[in-house]
Amino acid sequence: MPSTKRLLLHALLNGLGKAIRRDDGLAADRYQRRIGLIADHFDTNPRLSEALERLLLASGRWLSMNMNVADRYEAEEQVLELIEGVTGLL
């Protein structure tokens, strides 16, 4: 049975993905911050911890407002792929 933290992380990942697809920067920022707050709970799993770190960096890049449209699209695709990868590790 999945732990409460894993279920919470899964819900936050889904929310982050939906916010990014909607191009909702405020919601994506909230989800990213919440993921960052619980990421420490997964330090005992190095693969998951590293995947979360890559996801947080990529989503931070997506959230930066000084990107042109092409770079933002590329960052969006990267974040969505990383979300899928983290979800697979759960």
If you line up the long axis of helix 69-89 against the longest principal axis of the chain, both from Cα atoms, how many degrees apart are they, to the nearest 10? 10
Distance in nm between label sites at Asn68 and Ile38, each 7 Å beyond Cα in the beta-carbon direction? 3.8
Mind giving me the nanometre distance, one decimal, between the label points for Leu89 and Asp29, set 7 Å out from Cα along Cα→Cβ? 2.7
PRE reach from Arg47 (point 7 Å along Cα→Cβ): which of segment 67-90 fall under 14 Å by backbone N? 85-90
Given contacts defined as C-alpha pairs under 8 Å and at least six residues apart, what's the relative contact order of the chain, whole-number percent? 32
Which parts of segment 30-73 would a label at Lys18 reach, counting a residue when its backbone N lies under 18 Å from a point 7 Å out along Cα-to-Cβ? 30-35
The whole-number value in µm²/s of the Stokes-Einstein translational diffusion coefficient for the chain, with Rh from the Kirkwood sum over alpha carbon pairs at 37 °C and 0.692 mPa s, is 253
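Just so you know, all these numbers are worked out from the coordinates, no wet-lab data involved. Here the structure is a predicted model, which is why all the values come from computation and not from measurement. We place every Cβ from the backbone using ideal geometry, glycine too, and count neighbours over all the protein chains shown.
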